[in-house]
1. Report, as a whole number in µm² per second, the diffusion coefficient that Stokes-Einstein gives for the range 265-353 at 20 °C and 1.002 mPa s using the Kirkwood radius over alpha carbon pairs.
2. Semi-axes, largest first, in whole Å: what does sqrt of 5 times each Cα gyration tensor eigenvalue give for the range 313-353?
3. For a quick protection proxy, order the peptides 325-332, 233-240, 286-293 by their average other-Cβ count within 10 Å, most packed first.
4. Mind scanning Lys233/Lys346; Lys217/Lys316; Lys130/Lys189 and naming the pairs with a C-alpha gap bigger than 30 Å?
5. Under 8 Å for C-alpha pairs, at least 6 residues apart: give me the relative contact order for the range 263-353, rounded to a whole percent.
6. Tell me which residues come under 5 Å, amide H to amide H, from Val124 once H is placed; ignore anything under 5 positions away on its chain.
7. For each pair in Lys265/Lys334; Lys156/Lys193; Lys151/Lys352; Lys237/Lys344; Lys156/Lys344, compute the distance between the two Cα atoms and list the pairs where it is over 31 Å.
8. Can you compute 3J(HN,Hα) from phi for each residue in the range 223-233, using the Karplus curve 6.51 cos²θ - 1.76 cosθ + 1.60 with θ = phi - 60°, rounded to whole Hz and x for Gly and Pro?
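Nothing in this text is a laboratory measurement; each read-out follows from the coordinates by a stated rule. Everything numeric here is computed off the predicted structure, so don't read it as measured data. Cβ sites come from the backbone with ideal geometry, for glycine too, and all protein chains shown count toward neighbours.
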Amino acid sequence: MQPNRVWILLAKKNNNEASEQDLQELSALLSRQNNNDVPSEIIEEILENLASPEVEDIDKIKAKNWPVVEGFLTHESDLKKKPFYHRLIQKPQFVWSAAAVLLICFLSVLSLINYNKWFVKNTVNIEVAKGGLQKLILPDGTYVWLNSDSKIEYDKNFGVVNRSVKLIGEAYFEVVKNAGKPFFVNTGKVQIKVLGTKFNVKSYADSKTETSLIEGKIELKVLSQPNKTYILKPSDKVILSDIPETGQAQQTASGGTQLVFSSVKIPDNEVTPIEITWTKNRIVFDNEDFTALLHQLERHYDVSINLNDDVMKTWKFSGSFDAETIEEVLYALKVAHPFKYTVKDKTINIYKP
């Protein structure tokens, strides 16, 4: 048998990219397997490990898969130590050849993964520009609302081996239940694992990372605390911030980052939590500081806003907007805290009166 060819065909099969001819060739090669070959179940186990959404770099791949290879080599080493008549029956010279082939294939695949992220890793990228909002359906039927200035990425074979997405920005998920394939959301700071639920994740570079659970249950892992997992129940909200805040409970993660445990907000005269009103193209805020509010307005209206006074950054605002223009919004905000502003093209400068 041709071991290298088997690795390639099994990889294509696991990625759901094998043609009928590939599957026939794989079946024929496996049917001719003998003691000089790497056991196909060993190859398949390594391929399954490589498909895990938690494997993201070459060191983790080595750590996860080397025990499989080492176990096979150890078994063959023990076989060589058996009495002479056992070794005659089991032909150790062929087995050791198989062990060498497995080791060479494993190291070759590691080099290939390090260069090209496991053969050709096809991904789907969906981006929403500032001022936009998009609703999409993932291949497994999960609904995703993607907020402005946000990006989501997932493998072309999403749902075949695993369900994992990468998020930059903000998205609301209504995940289809599948106990056999948990759904993962990865940002630069947290990883969220779910089976089927509704939740919102906000992870912009210029804001705090927020995870808000609307329905169901999720497991939250802060990447700076890889050994800890937090279980969220409906209405729970976790904020990861570099600035201390008030909340129901607070912990300090590595690097001084604050982990705040709070609850989703439903203001008076509202039926939808503030955290997901953006999915209806609305801006709703309650006791929000001016800086955070202006970031929302920048993304929603595709403008750049400069605040020219540090004291103004601490101002708090509450309210809601639906179809108003950016100038109508600014005029309304002036009622709560007087300020002046100028508008030129897409740039707005705000000053104290």
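1. On the way: Rh = 13.5 Å.
D = 158 µm²/s.
2. On the way: eigenvalues 52, 48, 13 Å².
Largest first, the range 313-353 gives 16, 15, 8 Å.
3. Details: 325-332: 14.0, 233-240: 18.0, 286-293: 16.0.
So the peptides 325-332, 233-240, 286-293, ranked by packing, come out 233-240, 286-293, 325-332.
4. Details: Lys233/Lys346 41 Å; Lys217/Lys316 32 Å; Lys130/Lys189 22 Å.
Result: Lys233/Lys346; Lys217/Lys316 exceed 30 Å.
5. On the way: 111 pairs, mean separation 24.9, N = 91.
Computed over the range 263-353, the figure is 27 percent.
6. It is Tyr154, Asp155, Lys156, by chain and number.
7. On the way: Lys265/Lys334 24 Å; Lys156/Lys193 20 Å; Lys151/Lys352 35 Å; Lys237/Lys344 38 Å; Lys156/Lys344 43 Å.
Result: Lys151/Lys352; Lys237/Lys344; Lys156/Lys344 exceed 31 Å.
8. Each residue of the range 223-233 in turn: 4, 7, 10, x, 8, 10, 10, 10, 9, 9, 10 Hz.
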